[in-house]
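Inspection log for the structure reproduced underneath, given as C-alpha coordinates.
The values are calculated or read from the model by the stated rules, or taken from the named source; none is laboratory data. Note that the structure is predicted; figures quoted are calculated from it, not measured. Cβ placement follows ideal geometry from the backbone for every residue including glycine, while neighbour counts extend to all protein chains displayed.
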Amino acid sequence: MDVKTGLFYLFSAVLLFAGFRVITARNPVYAALYLVLAFFQASAIWLLLRAEFLAISLVLVYVGAVMVLFLFVVMMLDINVDSLREGFWRHFPLAAGVGALIALEMAAVLMGGFRLAAPKNPLATGPNTSNTLELGKLLYTDYLYPLEIAAVILLVAMFAAIALTLRARKDSKYVNPADQVRVKARDRVRIVQMPATRAAQPVAEEQAAAAETKA
(Lines give C-alpha, C1' and ligand atoms only; values in the text may rest on other atoms or scores of the structure.)
Protein backbone atom coordinates (compact mmCIF):
# COMPACT_ATOMS: atom_id res chain seq x y z
CA MET A 1 0.00 0.00 0.00
CA ASP A 2 1.47 3.32 -1.07
CA VAL A 3 1.23 6.69 0.67
CA LYS A 4 -1.70 7.89 -1.46
CA THR A 5 -3.80 4.85 -0.58
CA GLY A 6 -2.95 5.21 3.09
CA LEU A 7 -3.98 8.86 3.10
CA PHE A 8 -7.24 7.96 1.35
CA TYR A 9 -8.13 5.40 4.03
CA LEU A 10 -7.15 7.86 6.77
CA PHE A 11 -9.25 10.70 5.40
CA SER A 12 -12.15 8.36 4.71
CA ALA A 13 -12.10 6.96 8.25
CA VAL A 14 -12.06 10.43 9.79
CA LEU A 15 -14.83 11.51 7.38
CA LEU A 16 -17.06 8.60 8.41
CA PHE A 17 -16.40 9.25 12.09
CA ALA A 18 -17.17 12.96 11.71
CA GLY A 19 -20.36 12.22 9.77
CA PHE A 20 -21.47 9.78 12.47
CA ARG A 21 -20.81 12.34 15.20
CA VAL A 22 -22.79 14.99 13.30
CA ILE A 23 -26.00 13.01 13.81
CA THR A 24 -25.20 11.67 17.29
CA ALA A 25 -23.76 14.75 19.05
CA ARG A 26 -26.13 16.12 21.69
CA ASN A 27 -24.86 19.68 21.43
CA PRO A 28 -25.71 21.37 18.10
CA VAL A 29 -22.50 23.41 18.26
CA TYR A 30 -20.42 20.23 18.47
CA ALA A 31 -22.43 18.76 15.59
CA ALA A 32 -21.65 21.79 13.44
CA LEU A 33 -17.94 21.55 14.31
CA TYR A 34 -17.91 17.86 13.38
CA LEU A 35 -19.53 18.83 10.07
CA VAL A 36 -16.67 21.28 9.48
CA LEU A 37 -14.23 18.43 10.10
CA ALA A 38 -16.14 16.27 7.61
CA PHE A 39 -15.89 19.00 4.98
CA PHE A 40 -12.13 19.26 5.48
CA GLN A 41 -11.69 15.50 5.07
CA ALA A 42 -13.82 15.51 1.90
CA SER A 43 -11.69 18.36 0.57
CA ALA A 44 -8.54 16.34 1.25
CA ILE A 45 -10.01 13.41 -0.70
CA TRP A 46 -10.73 15.77 -3.61
CA LEU A 47 -7.09 16.83 -3.52
CA LEU A 48 -6.01 13.20 -3.74
CA LEU A 49 -8.19 12.91 -6.87
CA ARG A 50 -6.41 15.98 -8.35
CA ALA A 51 -9.59 18.05 -8.25
CA GLU A 52 -8.03 21.13 -6.69
CA PHE A 53 -10.83 23.48 -7.73
CA LEU A 54 -13.52 21.38 -6.06
CA ALA A 55 -11.42 21.02 -2.91
CA ILE A 56 -10.82 24.76 -2.58
CA SER A 57 -14.46 25.51 -3.40
CA LEU A 58 -15.60 23.11 -0.68
CA VAL A 59 -13.41 24.81 1.90
CA LEU A 60 -14.22 28.38 0.86
CA VAL A 61 -17.96 27.99 0.31
CA TYR A 62 -19.02 25.48 2.95
CA VAL A 63 -16.42 25.87 5.69
CA GLY A 64 -15.71 29.57 5.19
CA ALA A 65 -19.26 30.79 4.63
CA VAL A 66 -22.05 28.28 5.24
CA MET A 67 -20.74 26.69 8.42
CA VAL A 68 -19.74 30.03 9.93
CA LEU A 69 -23.32 31.17 9.35
CA PHE A 70 -24.68 27.95 10.88
CA LEU A 71 -22.52 28.35 13.97
CA PHE A 72 -23.51 32.00 14.33
CA VAL A 73 -27.23 31.16 14.10
CA VAL A 74 -27.00 28.17 16.45
CA MET A 75 -25.07 30.09 19.10
CA MET A 76 -27.30 33.16 18.86
CA LEU A 77 -30.61 31.26 19.02
CA ASP A 78 -29.72 29.38 22.23
CA ILE A 79 -31.64 26.27 21.18
CA ASN A 80 -33.20 24.22 23.96
CA VAL A 81 -31.93 20.73 23.23
CA ASP A 82 -34.23 19.03 25.77
CA SER A 83 -37.35 20.22 23.95
CA LEU A 84 -35.98 18.87 20.66
CA ARG A 85 -35.61 15.36 22.11
CA GLU A 86 -39.15 15.12 23.41
CA GLY A 87 -40.64 13.67 20.20
CA PHE A 88 -37.65 11.50 19.28
CA TRP A 89 -39.16 8.08 19.97
CA ARG A 90 -42.51 9.13 18.53
CA HIS A 91 -40.97 9.91 15.14
CA PHE A 92 -38.28 7.22 15.29
CA PRO A 93 -40.20 4.50 13.33
CA LEU A 94 -40.86 6.87 10.42
CA ALA A 95 -37.28 8.12 10.41
CA ALA A 96 -35.91 4.58 10.58
CA GLY A 97 -38.12 3.51 7.66
CA VAL A 98 -37.00 6.45 5.51
CA GLY A 99 -33.36 5.77 6.42
CA ALA A 100 -33.67 2.10 5.52
CA LEU A 101 -35.29 3.01 2.19
CA ILE A 102 -32.46 5.41 1.35
CA ALA A 103 -29.88 2.78 2.34
CA LEU A 104 -31.51 0.20 0.06
CA GLU A 105 -31.58 2.64 -2.84
CA MET A 106 -27.90 3.49 -2.36
CA ALA A 107 -27.04 -0.20 -2.13
CA ALA A 108 -28.94 -0.90 -5.37
CA VAL A 109 -27.03 1.87 -7.15
CA LEU A 110 -23.64 0.80 -5.81
CA MET A 111 -24.17 -2.91 -6.50
CA GLY A 112 -25.37 -2.20 -10.02
CA GLY A 113 -22.38 0.00 -10.74
CA PHE A 114 -22.25 3.38 -12.37
CA ARG A 115 -23.08 3.10 -16.04
CA LEU A 116 -22.60 6.67 -17.15
CA ALA A 117 -22.53 7.59 -20.78
CA ALA A 118 -19.34 9.07 -22.11
CA PRO A 119 -19.47 12.89 -22.35
CA LYS A 120 -19.80 14.47 -25.75
CA ASN A 121 -16.72 16.59 -25.14
CA PRO A 122 -14.13 14.44 -23.34
CA LEU A 123 -11.85 16.23 -20.92
CA ALA A 124 -8.38 17.09 -22.06
CA THR A 125 -5.56 15.60 -20.06
CA GLY A 126 -1.99 16.70 -19.73
CA PRO A 127 0.48 18.37 -17.37
CA ASN A 128 -0.49 21.89 -18.51
CA THR A 129 -4.26 21.32 -18.53
CA SER A 130 -6.40 23.40 -16.16
CA ASN A 131 -9.02 21.23 -14.51
CA THR A 132 -10.99 24.36 -13.58
CA LEU A 133 -11.28 25.34 -17.23
CA GLU A 134 -12.24 21.82 -18.27
CA LEU A 135 -14.80 21.57 -15.48
CA GLY A 136 -16.38 24.85 -16.57
CA LYS A 137 -16.59 23.67 -20.17
CA LEU A 138 -18.18 20.39 -19.09
CA LEU A 139 -20.73 22.06 -16.80
CA TYR A 140 -21.87 24.61 -19.37
CA THR A 141 -22.02 22.20 -22.32
CA ASP A 142 -23.05 18.64 -21.43
CA TYR A 143 -24.58 19.41 -18.02
CA LEU A 144 -26.09 22.82 -18.70
CA TYR A 145 -29.73 21.83 -18.13
CA PRO A 146 -29.09 19.97 -14.83
CA LEU A 147 -27.10 22.98 -13.64
CA GLU A 148 -29.96 25.36 -14.47
CA ILE A 149 -32.50 23.06 -12.79
CA ALA A 150 -30.33 22.95 -9.64
CA ALA A 151 -30.09 26.77 -9.68
CA VAL A 152 -33.88 27.11 -9.95
CA ILE A 153 -34.40 24.63 -7.08
CA LEU A 154 -31.97 26.58 -4.87
CA LEU A 155 -33.71 29.84 -5.76
CA VAL A 156 -37.12 28.42 -4.84
CA ALA A 157 -35.66 27.05 -1.59
CA MET A 158 -34.29 30.49 -0.75
CA PHE A 159 -37.68 32.13 -1.34
CA ALA A 160 -39.38 29.42 0.75
CA ALA A 161 -36.94 29.94 3.63
CA ILE A 162 -37.56 33.70 3.57
CA ALA A 163 -41.33 33.21 3.46
CA LEU A 164 -41.28 30.75 6.37
CA THR A 165 -39.02 32.79 8.64
CA LEU A 166 -40.34 36.29 7.89
CA ARG A 167 -42.58 37.42 10.71
CA ALA A 168 -44.13 40.83 11.32
CA ARG A 169 -43.09 42.23 14.71
CA LYS A 170 -45.25 44.67 16.64
CA ASP A 171 -42.30 46.55 18.13
CA SER A 172 -40.53 47.12 14.81
CA LYS A 173 -40.61 50.64 13.39
CA TYR A 174 -41.91 50.21 9.88
CA VAL A 175 -42.73 52.94 7.38
CA ASN A 176 -44.61 52.22 4.18
CA PRO A 177 -42.46 53.28 1.19
CA ALA A 178 -45.60 54.41 -0.69
CA ASP A 179 -46.39 56.87 2.10
CA GLN A 180 -42.83 58.17 1.98
CA VAL A 181 -43.09 58.79 -1.75
CA ARG A 182 -46.46 60.57 -1.54
CA VAL A 183 -45.45 62.85 1.32
CA LYS A 184 -45.20 66.60 0.65
CA ALA A 185 -43.11 69.36 2.15
CA ARG A 186 -46.02 70.91 4.07
CA ASP A 187 -46.66 67.54 5.73
CA ARG A 188 -43.11 67.34 7.07
CA VAL A 189 -42.51 70.93 8.27
CA ARG A 190 -44.99 73.21 10.06
CA ILE A 191 -44.00 76.85 10.41
CA VAL A 192 -45.26 78.58 13.56
CA GLN A 193 -45.29 82.38 13.84
CA MET A 194 -43.84 83.55 17.17
CA PRO A 195 -42.70 87.00 18.30
CA ALA A 196 -38.98 87.51 18.19
CA THR A 197 -38.81 89.24 21.59
CA ARG A 198 -40.96 89.23 24.69
CA ALA A 199 -40.85 91.62 27.62
CA ALA A 200 -39.91 90.06 30.94
CA GLN A 201 -42.52 90.33 33.70
CA PRO A 202 -41.59 91.18 37.27
CA VAL A 203 -41.48 88.35 39.79
CA ALA A 204 -44.31 89.80 41.87
CA GLU A 205 -46.63 89.99 38.90
CA GLU A 206 -45.84 86.38 37.99
CA GLN A 207 -46.60 85.20 41.54
CA ALA A 208 -49.90 87.17 41.60
CA ALA A 209 -50.90 85.71 38.27
CA ALA A 210 -50.08 82.20 39.54
CA ALA A 211 -52.17 82.77 42.70
CA GLU A 212 -55.12 83.97 40.65
CA THR A 213 -54.82 80.95 38.46
CA LYS A 214 -54.89 78.61 41.49
CA ALA A 215 -57.89 80.47 42.99
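If you check Val14, Val22 for being within 30 Å of Met76 (Cβ to Cβ) and in contact (Cβ under 8 Å) with a residue 24 or more places away in the chain, only one passes: Val14. Kindly indicate whether Thr129 is surrounded by fewer than 10 Cβ atoms within 10 Å (Cβ to Cβ) and either modelled with pLDDT under 80 or not in a helix (DSSP H, G or I) (or both). In short, no. In segment 30-49, is there at least one residue being over 20 Å from Val73 (Cα atoms), assigned to a loop (DSSP other than H, G, I, E, B) and not aromatic (Phe, Trp, Tyr)? Checked segment 30-49: at least one residue is over 20 Å from Val73 (Cα atoms), assigned to a loop (DSSP other than H, G, I, E, B) and not aromatic (Phe, Trp, Tyr). Quick check on Leu123: is it at pLDDT 80 or above and outside the structural domain of Arg50 (by TED's automatic domain parsing)? Criteria not met by Leu123.
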